[in-house]
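K.L.:
Below you will find the structure I want to go over with you.
No lab work stands behind these numbers, since they all come straight from the coordinates. Nothing here was measured: the structure is a model prediction, and the numbers come from that model.
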């Protein structure tokens with residue numbers, strides 16, 4: 001398990017992603033989104049919630065990044081301690097830096113044709 005994690009981290013250090021989408025970006029037509037009017041929200045339904053529960057944002061208020069732009073590993077000027085979420089599959093690898101994910105939290109992407117949801 002540790003060897004696999006180390007391998008993914010090593011691959012992640014050699015791959016890079018530049019996340020440049022903005023919250024106003026529209027998802028591509030191929031991405032299905034739930035109709036917020038048909039989605040049950042316990043807060044709006046005045047359902048009994050656990051003691052101390054506070055909803056800071058309404059449901060679906062954090063827009064995912066739909067079309068991340070990638071750059072070559074040698075074009076990245078990140079500090080050595082940059083935290084990333086890395087994924088490797090066959091001969092392909094991608095890295096998603098944590099810093100932009102602190103604001104956006106989700107990236108909808110794919111690797112070798114396999115859909116991915118990268119989340120932080």
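K.L.:
Suppose the chain between residue 48 and residue 81 were pulled fully straight at 0.36 nm per residue; how much longer would it get relative to their current alpha carbon spacing?
P.N.:
7.5 nm is the gain from fully extending residue 48 to residue 81.
K.L.:
Please state the shape class of segment 73-120: rounded when a/c is under 1.5, otherwise prolate if a/b exceeds b/c and oblate if not, all from the C-alpha gyration tensor.
P.N.:
Values: a/c = 2.46, a/b = 1.20, b/c = 2.05.
Oblate shape, in that a/c is at least 1.5 and b/c is the bigger or equal ratio.
K.L.:
Additional query: Looking at the square roots a ≥ b ≥ c of the eigenvalues of the Cα gyration tensor of segment 36-120, which shape do they give, rounded for a/c under 1.5, prolate if a/b is larger than b/c, or oblate?
P.N.:
Since a/c reaches 1.5 and a/b is larger than b/c, the shape of segment 36-120 is classed as prolate.
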